[in-house]
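Undergrad: I'd like to ask you about the structure that follows.
The values are calculated or read from the model by the stated rules, or taken from the named source; none is laboratory data. Since this is a predicted model, take the numbers as computed values, not measurements. Counting neighbours? That spans all protein chains shown, and the Cβs are built from the backbone with ideal geometry, glycine included. Just the protein is used for accessible areas: all its heavy atoms, side chains included, with ligands, DNA and RNA removed. Shrake-Rupley method; radii C 1.70, N 1.55, O 1.52, S 1.80 Å.
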Amino acid sequence: MGFRFRINRADLPGKPDIVLPRHKKIVFVHGCFWHGHKGCRRSARPSTNVEFWDRKLSGNIKRDQRLKRKLERDGWRVLIVWSCETRNTDRVKSKLTTFLRD
């Protein structure tokens with residue numbers, strides 16, 4: 001798409017997947033299961049060891065929210081792309097284009 005970017009910048013909270021420093025924009029690509037994509041069939045929680053999985057996955061979601069708020073306070077704009085969305089490359093490209101052009 002012609003944008004310069006960096007991947008997995010460890011100096012930023014959450015080690016974002018894609019960082020566009022010039023535009024102060026960040027893209028996280030979240031796995032539906034691990035990050036709790038609401039309404040996605042891939043985010044269903046296991047029916048065994050329920051207490052462990054609820055604690056683990058709820059903790060991931062809370063951490064994601066906290067990191068997003070921190071990045072936004074620091075002046076970054078953040079976009080979440082869900083792994084299930086990556087199957088439709090036209091849709092992802094449209095979503096990214098809208099986010100990056102704003």
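Undergrad: Mean-square fluctuation check for the chain, GNM, Cα pairs under 10 Å: which of CYS40, CYS84, CYS32 is largest?
TA: With Cα springs under 10 Å in the chain, the top fluctuation among CYS40, CYS84, CYS32 is at CYS40.
Undergrad: Under a plain spin-label model, where a point goes 7 Å from the Cα along Cα-to-Cβ, how far apart in nm are VAL29 and TRP53?
TA: 2.5
Undergrad: Got a number for carbon plus sulfur as a percent of the chain's accessible area, 1.4 Å probe?
TA: About 50 percent, which is the carbon plus sulfur part of the accessible surface.
Undergrad: Expressed as a whole percent, how much of the Cα-Cα distance distribution for the chain exceeds 17 Å?
TA: Taking all Cα-Cα pairs of the chain, the fraction more than 17 Å apart is 56 percent.
Undergrad: What number, in percent, do you get for the relative contact order of the chain if the mean sequence gap of Cα pairs under 8 Å and at least 6 apart is divided by its residue count?
TA: Here the relative contact order equals 26 percent.
Undergrad: So what is the calculated 222 nm ellipticity per residue for the chain, using -39500 (n - 2.57) for each DSSP H run with n of 4 or more, over all residues, to the nearest 500 deg cm²/dmol?
TA: -13000 deg cm²/dmol
Undergrad: Return the distance in nm (one decimal) between the two label points of a simple spin-label model at LYS70 and CYS40, each offset 7 Å from Cα along Cα→Cβ.
TA: 2.2
Undergrad: Here's another thing I want to ask about it. Can you tell me the 0 to 90 degree angle between the C-alpha axis of helix 50-73 and the longest principal axis of the chain, rounded to 10?
TA: Tilt of helix 50-73: around 20 degrees.
Undergrad: Using a Gaussian network model on the chain with a 10 Å cutoff between Cα atoms, which of SER47, SER58, SER83 fluctuates the most?
TA: SER47
Undergrad: What angle, in degrees between 0 and 90 and rounded to the nearest 10, separates the Cα long axis of helix 89-101 from the longest principal axis of the Cα atoms of the chain?
TA: Compared with the principal axis, the helix lies near 60 degrees.
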